[in-house]
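To keep things clear, I will list the structure first and then write my remarks on it.
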Amino acid sequence: MNPPLQIKNLTIQYGDRLILENVSFTLQKGEFAYLIGRTGSGKTSLLRTIYGDLKPTKGEVWVGETEVTSLSPQKLPFLRRKLGIVFQDFQLLPYRTVYENVAFTLEVTGWKDRKAIRERVMEVLFQVGLSARKDAYPHELSGGEQQRTCIARALVGAPILLLADEPTGNLDPEVGREIMMLLHQIARWGTAVLVATHHHPYLEIFPAPAYQCSNQRLVPCA
Ligand code: ATP
Ligand code: MG
């Protein structure tokens, strides 16, 4: 069985502009890693390549047994069953409740059985600490609760890999810490987690391996 994430000799360019060159990287089951590097160094571009939103110039991205860079657009939804994504700006559906936002992800990936959907959604809302807010609409939630909803939505399909791009970027420091703690907990539950962040204090509060995008390379930090 392949690891949740394996990047092999990846080169990313926008036109002639080289962003990352010949990058290789592996994440094992239940492993947590930070992706750091100054603004414009290529963190978001690397994550986009992993979730199939950006074609690299060269190299391979394996998410479990799926090679992402050669997937046709029609096959991308299948990748999304194995991979969850969390962004800085929460991107929730405004006219659906917390419960409905999370259930929607299952419905679009082919779940039909209402009872099974209900059980799975309630389980994941419990895991992220949102059971009591399941009937609230996004505008009724705090920033931290909105981000927990996004994390629930990313987790509900039981992905092998969770990607997060600046997940604490729009949150107060205290709330940001709680979200980062939850992401570490998710790794302990067995999902591999890769978090791009500017916010270096987390590396000391919640230590984990960090990889820096720098000079078109991905460098492990000591
Ligand atoms: P930040 O910390 O600010 O989020 P980042 O490390 O995520 O930065 P990227 O967003 O990956 O950096 O951008 C890397 C470089 O690629 C930047 O110089 C950016 O301007 C450029 N870039 C990003 N997206 C595109 C695009 N769609 N077309 C052309 N250039 C782009
Ligand atoms: Mg970015």
List nothing, just return the count: lysine pairs in the chain, 8 or more apart or interchain, with Cα separation under 29 Å. 27
Taking the reciprocal of mean 1/r across every pair of different Cα atoms in segment 128-209, the Kirkwood radius in Å is 13.2
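Given a Förster distance of 30 angstrom, what is the FRET efficiency for E140 paired with L76, based on the Cβ-Cβ distance and rounded to 0.05?
On the way: r = 32 Å, r/R0 = 1.06.
Efficiency, rounded to the nearest 0.05: 0.40.
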Stretched fully, the stretch from D172 through E107 gains (0.36 nm per residue minus C-alpha distance, one decimal, in nm) 20.1 nm
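Quote the convex hull volume per residue of the chain, based on C-alpha atoms, as a whole number of Å³. Spell out each step's value before the answer.
Working: hull volume 27.9 nm³, N = 222.
Hull volume normalised by residue count: 126 Å³.
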7 Å from Cα along Cα→Cβ at both A208 and L18: what's the point-to-point distance in nm? 3.0
Using Cα centres only, tell me the gap between segment 3-40 and segment 134-204 in whole Å. 20
Among L183, L141, L35, whose mean-square fluctuation peaks in a Gaussian network model of the chain (Cα, cutoff 10 Å)? L141
With labels modelled as points extended 7 Å from the Cα through the Cβ direction, what inter-label distance (nm, one decimal) is found for K58 paired with S131? 5.3
Likely footprinting exposure, H139, H184, fewest C-beta neighbours within 10 Å first: H139, H184
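Looking at the calculated P(r) for segment 89-158, what percent of the C-alpha pair distances fall above 14 Å?
Numbers: 1193 of 2415 pairs.
Here the long-distance tail beyond 14 Å is 49 percent of all Cα pairs in segment 89-158.
Kindly provide the chymotrypsin sites (Phe, Trp or Tyr not before Pro) of segment 14-112 that DSSP labels as loop, not H, G, I, E or B, and whose Cβ sees at most 16 other Cβ atoms within 10 Å.
Values: sites: Y14, F25, F32, Y34, Y51, W62, F78, F87, F90, Y95, Y99, F104, W111; in loops: Y51, F87, F90, Y95, W111.
Within segment 14-112, the qualifying chymotrypsin sites (Phe, Trp or Tyr not before Pro) (loop, at most 16 other Cβ atoms within 10 Å) are Y95, W111.
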In segment 89-158, taking the dipole from +1 charges on Lys and Arg beta carbons and -1 charges on Asp and Glu beta carbons about the Cα centre, the listed residue (Y137, V121, T97) farthest towards the positive end is V121
For the chain, what relative contact order do you get, as a whole percent, if you take Cα pairs closer than 8 Å and at least 6 residues apart? 30
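Considering every pair of different Cα atoms, what Kirkwood radius, in Å, is found for segment 11-123?
Values: mean 1/r = 0.0608 Å⁻¹.
Averaging 1/r across every pair of different Cα atoms and inverting gives 16.5 Å.
Work out, step by step, the length gained on full extension between L93 and R114: first 0.36 nm times the residue separation, then minus their alpha carbon distance; give nm to one decimal.
On the way: separation 21, 0.36 × 21 = 7.56 nm, distance 2.00 nm.
Value of the extension gain: 5.6 nm.
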Only Lys, Arg, Asp and Glu count, each charged at its Cβ (+1, +1, -1, -1), so figure out the dipole size of the chain about its Cα centre, rounded to 20 debye. 540
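Would you work out the relative contact order for segment 89-158, in percent, from Cα pairs under 8 angstrom that are 6 or more residues apart? List each step's numbers first, then the result.
Working: 71 pairs, mean separation 34.9, N = 70.
Answer for segment 89-158 is 50 percent.
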With +1 at each Lys and Arg Cβ and -1 at each Asp and Glu Cβ, the charge dipole magnitude of segment 114-180 around its Cα centre, to the nearest 20 debye, comes out at 480
Which residue, H198, L20, V63, has the largest displacement toward the positive end of the dipole of the chain when charges sit on each Cβ (Lys, Arg +1; Asp, Glu -1)? V63
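Just so you know, all these numbers are worked out from the coordinates, no wet-lab data involved. The structure presented is a predicted model; accordingly, all values stated were derived computationally and were not measured. Glycine also receives a Cβ, built like all others from the backbone with ideal geometry; neighbour counts cover every protein chain displayed.
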